[in-house]
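The values are calculated or read from the model by the stated rules, or taken from the named source; none is laboratory data. Model, not experiment: these values are computed from the prediction. A quick note on method: Cβ atoms are made from the backbone with ideal geometry, for glycine too, and the neighbour counts reach across all protein chains shown. Just so you know, the surface numbers come from the protein's heavy atoms only, side chains and all, with ligands and any DNA or RNA stripped out. Shrake-Rupley method; radii C 1.70, N 1.55, O 1.52, S 1.80 Å.
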Amino acid sequence: MVRPILALMTGLTLFALGGLQQPAGTLHTGKAFRFNKVREGVYHAVGTGALAVVGNSSIIVNDNDVIVVDDHVSPAAASVLLDELKDITTKPVRTVINTHFHYDHAHGNQIFGKDVEIIGHEFTREMLVGGKSIQMPLYRDYVAGIPRQIEDLKKRIASEADAARKATLQTQLQVAENNHASQAELKSTAPNVTLQTRMTLIRGDREIQIRFLGRAHTAGDVVVFLPKEKIVITGDMLTAALSNMSDGFVNEWPATLDELKKLDFDTVLPGHGEAFTDKAKIDYFQAYLRDVWSEVSRLKRQGVSAEDAAKRADLTKHKEHFPTIQGPGLPLIGVTRIYELLDQGSR
Ligand SMILES: [Zn+2]
């Protein structure tokens, strides 16, 4: 009589321990990441859609250790990243670099052990320490949107007759529910090593430069530059498409991108979208940013409210290079930010 009870108890204990090790919201079907090999030991990790990961990460596999640049939207996403990393290496992750403080790049920080160095700009630490960034509209709006997304998906599943489309919606629902569960476990975790302008890591014969080139997408963006491999990891200072502007310095951003152009690289691993080699994308984005600044400044001078400026700002001449531009208009959160900068006397 005793044996089955013991066996049952042991089973329960193991299950409970397993539960402690794995954060909530990690269950998913298939792989959550594609590890695109860019050079020997350098990968760009892009989400497949099986789990909410939002931003990309980049993986640098050295002789004895692994560096992860950016760790996604939640503890669950970072935990699954570490799990799936085993497909490409068994070496330990000893260093994490946050390109900036935004939730989709730094909300996996908490899963790393105390022996892991998390490196970021001083400003990134300032925003993540004590949970300052999670009180800001960008993250609050994101989290508030998840329950609405779940309700919406449930309604669409209930009314969907086509079996294949229903299955797709059910996967999306599982992804959203996992994300919701994982956001509830979030503990904002700041870098434990900071820099102001530059830091270099040497791993074997590989040089890894962490550079602050000026304010751009935030006040503390860093890029990770591998001079020998001619790769630059740009976070959201430069993505494959347009970047969010809610904490940006749109007026300073083009000059920061000029500094980026001075680095000798041929491949960009962006924080969103696929890796690219076409450097003309930087020119297109600089031209867009300059026009955003002048267009929003013009509307503000005319006494137009931020809400109306967000509807009227016309950047359609850039749609050839940025196809997401469908007509006039900019996200209100970005326009509000530009108004704030203009009120502070920025030019
Ligand atoms: Zn991002």
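Rule-of-thumb check for the range 122-264: C-alpha Rg over 2.2 N^0.38 Å? Can you show the working numbers first?
Working: Rg = 19.9 Å, N = 143, 2.2 N^0.38 = 14.5 Å.
Scaled against compact globular proteins, the figure is 1.37.
Per q in 0.14 1/Å, what log10 I(q)/I(0) does a Debye calculation on the alpha-carbon atoms of the chain return?
Relative scattering, expressed as log10 I(q)/I(0), comes to -1.21.
For the chain, take the longest principal axis of its alpha carbons; what is the angle in degrees between that and the long axis of helix 137-159, to the nearest 10 within 0 to 90?
With both axes taken from Cα atoms, the answer is about 60 degrees.
Calculated FRET efficiency, Gln302 and Gln344, Cβ-Cβ r, R0 25 Å, to nearest 0.05?
It comes to 0.80.
Would you work out what percent of the accessible area of the chain, with all protein chains in place, is carbon or sulfur (probe 1.4 Å)?
53
Students sometimes get this wrong: rank Met199, Met127 by accessible area, probe 1.4 Å, all chains present, largest first. Could the numbers behind the result be given before it?
Working: Met199 40, Met127 10 Å².
Result of the area sort, largest leading: Met199, Met127.
Where the centre of each part is set by its Cα atoms, how far does the range 235-309 sit from the range 19-56, in angstrom?
27
In the full protein assembly as shown, how much of His318 is accessible to a 1.4 Å probe, in Å² to the nearest 10?
It works out to around 20 Å².
With a sphere of radius 9 Å drawn around the Cβ of Pro328, what net charge do the other residues whose Cβ falls strictly inside it have (Lys, Arg +1; Asp, Glu -1)? Intermediate values should be presented prior to the final figure.
Numbers: positive: Lys311, Arg312; negative: Asp314.
My count for the surroundings of Pro328 gives +1.
Exactly which trypsin sites (Lys or Arg not before Pro) in the range 76-123 are in a DSSP loop and have at most 16 other Cβ atoms within 10 Å? Can you show the working numbers first?
Numbers: sites: Lys86, Arg94, Lys114; in loops: Lys86, Lys114.
Passing sites in the range 76-123 are Lys86, Lys114.
Using alpha-carbon pairs under 8 Å, 6+ residues apart, how would you state the relative contact order of the chain in percent?
Contact order relative to length: 13 percent.
Counting other Cβ atoms within 10 Å, keep those with at most 10, restrict to DSSP loop, and tell me which trypsin sites (Lys or Arg not before Pro) in the range 198-242 are left.
On the way: sites: Arg198, Arg203, Arg206, Arg211, Arg215, Lys228, Lys230; in loops: Arg215, Lys228, Lys230.
The qualifying sites are Lys228.
Keeping all protein chains in position, work out how much accessible area Asp205 exposes to a 1.4 Å probe, and write it in Å² to the nearest 10.
Approximately 120 Å² for this residue.
Using only the alpha-carbon atoms, how far is helix 280-301 inclined from the longest principal axis of the chain? Give it as 0 to 90 degrees, nearest 10.
Taking the Cα atoms of the chain, the angle to 280-301 is about 60 degrees.
According to a simple spin-label model (label point 7 Å from Cα along Cα-to-Cβ), what is the distance in nm between Gln135 and Leu263?
3.3
As a test, work out the antiparallel percent of DSSP beta bridges whose residues both lie in the chain, rounded to the nearest 5.
The antiparallel proportion sits near 65 percent.
Tell me, what is the FRET efficiency for Lys166 and Asp87 to the nearest 0.05, using R0 = 25 angstrom and their Cβ-Cβ distance as r?
In this case the efficiency is close to 0.20.
How much of Glu207 can a 1.4 Å solvent probe reach, expressed as accessible area in Å² and rounded to 10?
70
Testing the spin-label approximation: label points 7 Å from Cα along Cα→Cβ at Val193 and Ala144. State their distance in nm.
My value for the distance between the label points is 3.8 nm.
Write down the accessible area per residue of the chain in Å², having rolled a 1.4 Å probe over the full set of protein chains.
Per residue, the chain has an accessible area of 48 Å².
For the chain, what does -39500 (n - 2.57) per DSSP helix run (n ≥ 4), summed and divided by total residues, give at 222 nm, in deg cm²/dmol to the nearest 500?
On the way: 10 runs with 136 residues, N = 347.
Calculated mean residue ellipticity at 222 nm is -12500 deg cm²/dmol.
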